Amino acid sequence: MGPARERVALVALLRLNQRPWPEYLAAVEAAGTAFPVLEDELDGPDGQISLVPTEVAPLIEAAGADIERWEREGFRLLTVFDDGYPPNLRTVHDRPPLVFVSGGLAARDNRSIAVIGARQATRAGLAAAATLADALVAAGYVVVSGLAAGVDTAAHRAALAAGGRTIAVIGTGLRHAYPAENAALQAQIAKEGAVLSQFWPETPPSRKAFPMRNAVMSGLALGTVVVEASYRSGARLQARLALAHGRPVFLMRPVLAQTWAQEMARRRGVHVVDGPEQVIATIERLYGEDASAG
């Protein structure tokens, strides 16, 4: 089956939404193709009557129409089987089966570092995020963040202001902007860098989506820098995910005011830093100057 038809079959399978996407991905990888998995899913388990449509052709036709519509909207679909799927993300165990991209990915995106933190950031935290993003751009790195208010916004804006490249990994579909006040920033990032989502383009904001977004951010980046974060912050969750991905975590020293950060700082792979120079030096020591996680 050609790449285009394989992409259509995977979309049709995932659109069924009868099982968690990781299960579908594991089944497709085991089979080497999505089409037989789709056919098996329509047959129903163990001879039971299927509760989903039983004809493959209409599902394939609908999936193909979806893909054409997304492309007309400027959304590029990349499945884990496509050459353009982000290489760093491909290496993590919880990679999504597909991602949507507004803008364009580039080879140098392998040299990405995530800069994340609190939505209700302090003035010092916003300044630290901007300084960090500026220095990363100067050192040839791509700044990844989540387009949230606060630290994320400061990091994206600073990277753009420095003439660098930034990638926004969002917790909604590409047809949405969250928070709404970042709609213009999202459009600018799509024009000058890339906006990436693992969710169907129509997907609205939801509480469960943002932790999934953090996992993709971690997988996309060589390491994660936490500028500010409370115990309940998504940044704290992403730090844990990054360690599970085998990626280094950098805690800016002020974060150690939090008990969770004090405990995490004792873990292998966690580095307490005072500025961007330490982040860059550690990344280059771990990955080399031609850094990539692959």
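All of the numbers you see were taken from the coordinates with simple rules; none came from a lab. Here the structure is a predicted model, which is why all the values come from computation and not from measurement. So basically every Cβ, Gly included, is an ideal-geometry build from the backbone, and we count neighbours across all protein chains shown.
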Which residues' amide hydrogens lie under 5 Å from the amide hydrogen of VAL169, considering only partners 5 or more residues apart or on another chain, with H built in the peptide plane? SER145, GLY146, LEU147, LEU196
Using 7 Å Cα-to-Cβ label points, what is the LEU256/ASN17 separation (nm, one decimal)? 4.6
The relative contact order of segment 107-287, taking Cα pairs under 8 Å that sit 6 or more residues apart, comes to a percentage of 21
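Which shape class applies to segment 41-150: rounded if a/c is under 1.5, otherwise prolate when a/b exceeds b/c and oblate if not, where a ≥ b ≥ c are the square roots of the Cα gyration tensor eigenvalues? List each step's numbers first, then the result.
On the way: a/c = 2.69, a/b = 2.30, b/c = 1.17.
Because a/c hits 1.5 or more and a/b exceeds b/c, segment 41-150 counts as prolate.
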Degrees between helix 276-287 axis and first principal axis of the chain (Cα, 0 to 90, nearest 10): 50
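For a quick protection proxy, order the peptides 205-216, 222-233 by their average other-Cβ count within 10 Å, most packed first. Mind showing how you got there, number by number?
On the way: 205-216: 17.1, 222-233: 22.7.
Result, highest mean first: 222-233, 205-216.
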Taking Cα atoms only, helix 56-72 is inclined relative to the longest principal axis of the chain by an angle, in degrees rounded to 10, of 40
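So if R0 is 35 Å, what FRET efficiency would ARG267 and GLU202 give, r being the distance between their Cβ atoms, rounded to the nearest 0.05? Don't skip to the answer; put the middle values down first.
Numbers: r = 39 Å, r/R0 = 1.11.
It comes out at approximately 0.35.
Residues with beta-carbon under 10 Å from that of ALA114, excluding ALA114: net charge, scoring Lys, Arg +1 and Asp, Glu -1?
On the way: positive: ARG247; negative: ASP152.
Around ALA114, the surrounding residues sum to 0.
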So, in Å, what gap is there between the alpha-carbon centers of segment 77-128 and segment 223-264? 17
Square roots of 5 times each gyration tensor eigenvalue, C-alpha, the chain, largest first, Å: 35, 19, 17
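How much length is gained if the chain between ARG5 and THR122 is pulled fully straight, taking 0.36 nm per residue apart and subtracting their Cα-Cα distance, in nm to one decimal?
On the way: separation 117, 0.36 × 117 = 42.12 nm, distance 4.93 nm.
Stretched fully, the ARG5-THR122 segment lengthens by 37.2 nm.
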With a sphere of radius 13 Å drawn around the Cβ of TYR178, what net charge do the other residues whose Cβ falls strictly inside it have (Lys, Arg +1; Asp, Glu -1)? +2
What is the gain in length, in nm to one decimal, between ALA244 and ASP40 on full extension, counting 0.36 nm per residue of separation less the C-alpha to C-alpha distance? 70.2 nm
Give me the angle, in degrees from 0 to 90, between the Cα long axis of helix 3-16 and the longest principal axis of the Cα atoms of the chain, rounded to the nearest 10. 90
Where in segment 236-266 does the amide nitrogen come within less than 14 Å of the point 7 Å from the Cα of ASP94, taken along Cα to Cβ? 236-247
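Dipole of segment 168-294, Cα-centred, from +1 at each Lys and Arg C-beta and -1 at each Asp and Glu C-beta, to the nearest 20 debye? Walk me through the intermediate numbers first.
On the way: 14 positive and 10 negative charges, 127 e Å.
Roughly 620 debye, rounded to the nearest 20.
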Direction-averaged shadow area of the convex hull around the Cα atoms of segment 150-200, nm²? 3.2
